[in-house]
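Engineer: Below: one structure in structure tokens.
The values are calculated or read from the model by the stated rules, or taken from the named source; none is laboratory data. All values derive from a computational prediction rather than experimental measurement. Please note: Cβ atoms are built from the backbone with ideal geometry, for glycine as well, and neighbour counts cover all protein chains shown.
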Amino acid sequence: MPRKGSIAEVAESYDAISAAFSYPINMSSATFYYTLKDLDKIKESVKNEFNILSETEDETQNILARISVIENKNKSTIIFYGTGRCLLQGKDCELFNSINSLLTKVATSAEPASTLSHARSINEDELYLKKEYIIGFDEAGKGEPFGPLVFGSVLLPKSKVHIFEEIKPNIKTLSFKELNYYANILKQNGIRIEYLILSAIKISTSSFNLNRLMDLAYVRLIRKYSGVMNKDYLLAIDNYGISNELKDHLDKLERRGIANLCQAALDSEITATKLASIVARQIRISRVRELEEQNRFPLNGGFISFGKGANNSQAIDWLKAFRERYPTFEFPDFVRKNWANVKQVEQSFPKKFATLSVSCPSCKQNISKILAYYNKNENKLSYYCASCVNEILLNPKEAAFDYLLCDTNAYVIGIVSKDLSLSPTPIFENSCLVIPTKIIDEIDTIALSKKRGALKELERLKELEQNGRIKLLHREYEITRPFDADKKLYDLIARNNGLALISADQTVADCSHARGAFVFKIIHYPPRVSKTNP
């Protein structure tokens, strides 16, 4: 009896399902265990014996080596995990068995190879003879270093399969226009779709590996159909290497008579899974295009965006360009910071740390907190030293603030535009105002009178940007803690030093200052200078 959760046990359940539909043998897989000290010897033997198509590593999945072997146009894959498990996959049985024999012979310290298991080619018509509905599942963006991982699903009844007879077998060759076309057909025909989005920051900060995160996401996605599923349903999941969470959930459904089919390359054989892949790809590409449009940098007379693919050289160039452009910032939250190529750039081009301060001519101290007061009656903006509370005239050349960050109330009051329009020597001239998306979202929720003030300020800032007096940088920052964005701006500041915060909220201002940020604290009354102050 295979141990619970092993590849052999999973394969055994696939065999039972596949055998019920009587498919011809087409694909093989097997797993065995090796010791890490044998890895170099095993790889050398494989390279001497077979033609190597490619070799990669994947730190996120603890894969030490993934070797693609090709002989006579047939391909097999050998995956060596850091846990000492080796997985073989291939369609050509002769080539597959040759690799299996070689690995078993070379890895003298390995445990005996587990039982060879077989996946089978699929006849979709036979599936629909037994089931009225197939729910297909697939994901997009698993190996990409940028953007979200999107999970798609489509509930396709037998009566509507014919609508998609002309769909291409290889979904990955579809253009974005074609993806939109099929997405519209799904909508027009009332075919149910569901999807989930796993953000890059959740992938980067989770203590779970990627496969386990995917398991949990698929369980959530399957549960969306819990109100309709019965014995007439089959779940078709394009297998990515599922682990216990998803397998256990599928086992529970199977005991209720809801069958499942988990196999690699289902997105080329099962219409519902093809459509699920289309849904996931269409959503992901839409999101990534938005990110690319907002994050293009001038380079060599043109522009650079981060491109496609986990190992794309353009992606590396973009990361380097970002760090050069924003040396004190973390990579944006749409970057999967735990990806191997991102870590390499981070090590080679680490974030710099900047400490902002200005000198007060009255108390002669270097200060990192300034009080800002707007006198509405006089239409005058004044700055005061937070230490001696004497008025302070800042020299823009000595007090240059490259990056600014405003809380919601600072937009309502309009401090930045007032500085640029009222001050004879504006200190925010040519600064870059970072605008987190969460702040814009929060402005939409505040009282109407305040909202109008904030929106007017945003309009004024756009005009000032067009006149070349300030730069606006819109950023998608996720607040990872369970608090609203306005109260946790210092969380963002902690990750992106060199920002000068402008805030009317005492808690935000004080907490940010305590964490080393330069703060402009907006006050509602002019400060009183004590007699002990000069």
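Engineer: Select from region 91-125 the residues that are modelled with pLDDT of 75 or more, within 38 Å of the chain's Cα centre (by Cα) and not hydrophobic (A, V, I, L, M, F, W, C) and write down the one among them that is surrounded by the fewest Cβ atoms within 10 Å (Cβ to Cβ).
Structural biologist: Per the stated criteria, the residue is Asp125.
Engineer: Let me ask another. Given the criteria within 21 Å of Asn496 (Cβ to Cβ), at pLDDT 90 or above and touching an Asp or Glu at 6+ places or on another chain (Cβ under 6 Å), does Tyr411 qualify?
Structural biologist: Yes: the conditions hold for Tyr411.
Engineer: Can you tell me which residue in region 140-151 is farthest from Ile278 (Cα to Cα), limited to those that are buried (at least 16 other Cβ atoms within 10 Å of the Cβ) and out of contact with any Lys or Arg (no Cβ under 8 Å at 6 or more places or on another chain)?
Structural biologist: Top of the filtered list is Lys142.
Engineer: Okay, next question. What residue, among those in region 212-242 that are among the small types (Gly, Ala, Ser) and over 18 Å from the mean Cα position of the chain (by Cα), is surrounded by the fewest Cβ atoms within 10 Å (Cβ to Cβ)?
Structural biologist: Ranking the candidates gives Gly227 first.
Engineer: I've got another one for you. Name the pairs whose Cβ atoms lie under 8 Å apart, with the first residue in region 507-530 and outside any helix (DSSP H, G or I), the second exposed (fewer than 14 other Cβ atoms within 10 Å of the Cβ) and of a type in the set (S, T, N, Q), and 6 or more positions between them or separate chains?
Structural biologist: Close Cβ pairs (under 8 Å, with a partner that is exposed (fewer than 14 other Cβ atoms within 10 Å of the Cβ) and of a type in the set (S, T, N, Q)) amount to Gly516/Thr355; Phe518/Ser357; Lys521/Gln506; Pro526/Asn375.
Engineer: Looking at region 435-454, can you tell me whether even one residue there is over 33 Å from the mean Cα position of the chain (by Cα) and either within 17 Å of Pro526 (Cβ to Cβ) or of a type in the set (Asp, Glu) (or both)?
Structural biologist: No, region 435-454 contains no residue that is over 33 Å from the mean Cα position of the chain (by Cα) and either within 17 Å of Pro526 (Cβ to Cβ) or of a type in the set (Asp, Glu) (or both).
Engineer: Quick check on region 443-468: of everything there that is in contact (Cβ under 8 Å) with a residue 12 or more places away in the chain and β-branched (Val, Ile, Thr), which residue is nearest to Cys432 (Cα to Cα)?
Structural biologist: Residue satisfying both the conditions and the ranking: Ile443.
Engineer: Can you name the residue in region 491-529 that is of a type in the set (Val, Ile, Thr) and either outside the structural domain of Ser382 (by TED's automatic domain parsing) or under 13 Å from Ala386 (Cβ atoms) (or both) and, of all such residues, is surrounded by the most Cβ atoms within 10 Å (Cβ to Cβ)?
Structural biologist: Val519
Engineer: Any idea which of (1) aliphatic (A, V, I, L, M); (2) in contact (Cβ under 8 Å) with a residue 24 or more places away in the chain; (3) farther than 17 Å from Thr273 by Cβ is the one Ile122 doesn't satisfy?
Structural biologist: So Ile122 meets the others, but not (3).
Engineer: Please work out which one of (1) under 18 Å from Leu261 (Cα atoms); (2) among the acidic types (Asp, Glu); (3) touching a Leu at 6+ places or on another chain (Cβ under 9 Å) is the condition Glu194 fails and give its number.
Structural biologist: Result: Glu194 fails condition (1) only.
Yes/no per residue for (1) at pLDDT 75 or above; (2) part of a helix (DSSP H, G or I); (3) not assigned by TED's automatic domain parsing to the domain that holds Ser207:
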| position | (1), (2), (3) |
| --- | --- |
| Ala16 | no, yes, yes |
| Ala19 | no, yes, yes |
| Ser29 | no, no, yes |
| Lys37 | yes, yes, yes |
| Lys41 | yes, yes, yes |
| Lys47 | yes, yes, yes |
| Leu53 | yes, no, yes |
| Thr56 | yes, no, yes |
| Ile70 | yes, no, yes |
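Engineer: How about region 143-166: which of its residues are more than 27 Å from Ile258 (Cα to Cα) and either touching a helix residue (DSSP H, G or I) at 6+ places or on another chain (Cβ under 6 Å) or touching a residue at least 40 places away in the same chain (Cβ under 8 Å) (or both)?
Structural biologist: Answer for region 143-166, where residues must be more than 27 Å from Ile258 (Cα to Cα) and either touching a helix residue (DSSP H, G or I) at 6+ places or on another chain (Cβ under 6 Å) or touching a residue at least 40 places away in the same chain (Cβ under 8 Å) (or both): Gly143, Glu144, Pro145, Phe146, Gly147, Pro148.
Engineer: Moving to a separate point now. Checking Asn395 against (1) within 16 Å of Ala500 (Cβ to Cβ); (2) surrounded by fewer than 20 Cβ atoms within 10 Å (Cβ to Cβ); (3) in contact with a helix residue (DSSP H, G or I) (Cβ under 7 Å, 6 or more places away or on another chain), which test does it fail?
Structural biologist: Among (1) within 16 Å of Ala500 (Cβ to Cβ); (2) surrounded by fewer than 20 Cβ atoms within 10 Å (Cβ to Cβ); (3) in contact with a helix residue (DSSP H, G or I) (Cβ under 7 Å, 6 or more places away or on another chain), the lone unmet condition for Asn395 is (3).
Engineer: Identify all residues within region 296-337 that are of a type in the set (S, T, N, Q) and either under 26 Å from Thr56 (Cβ atoms) or in the same structural domain as Ser175 (by TED's automatic domain parsing) (or both); write none if there are none.
Structural biologist: Passing the criteria: Ser305, Asn311, Asn312, Ser313, Gln314.
Engineer: A further question follows. Mind counting the residues in region 190-209 that are within 24 Å of Ala272 (Cβ to Cβ) and not basic (Lys, Arg)?
Structural biologist: Within region 190-209, residues that are within 24 Å of Ala272 (Cβ to Cβ) and not basic (Lys, Arg) number 8.
Engineer: Another question about this same structure. Could you grab me the full set of residues in region 428-452 that are hydroxyl-bearing (Ser, Thr, Tyr) and either farther than 17 Å from Lys418 by Cβ or touching a Lys or Arg at 6+ places or on another chain (Cβ under 6 Å) (or both)?
Structural biologist: Thr437, Thr445, Ser449
Engineer: Moving on. Does Cys432 satisfy being in contact with a strand residue (DSSP E or B) (Cβ under 7 Å, 6 or more places away or on another chain) and without any contact (Cβ under 8 Å) to a residue 40 or more places away in the chain?
Structural biologist: Judged against the criteria, Cys432 is not a match.
Engineer: I've got another one for you. For region 415-422, check the following and say yes or no: at least one residue is part of a loop (DSSP other than H, G, I, E, B) and in the same structural domain as Ile370 (by TED's automatic domain parsing).
Structural biologist: No, every residue in region 415-422 fails to be part of a loop (DSSP other than H, G, I, E, B) and in the same structural domain as Ile370 (by TED's automatic domain parsing).
Engineer: While we're on this one: Inside region 423-450, can you point out the residues that are surrounded by fewer than 17 Cβ atoms within 10 Å (Cβ to Cβ) and part of a helix (DSSP H, G or I)?
Structural biologist: Thr437, Ile440, Asp441, Leu448, Ser449, Lys450
Engineer: Do you know which residues across region 176-211 are polar (S, T, N, Q), buried (at least 17 other Cβ atoms within 10 Å of the Cβ) and in a loop (DSSP other than H, G, I, E, B)?
Structural biologist: Ser199
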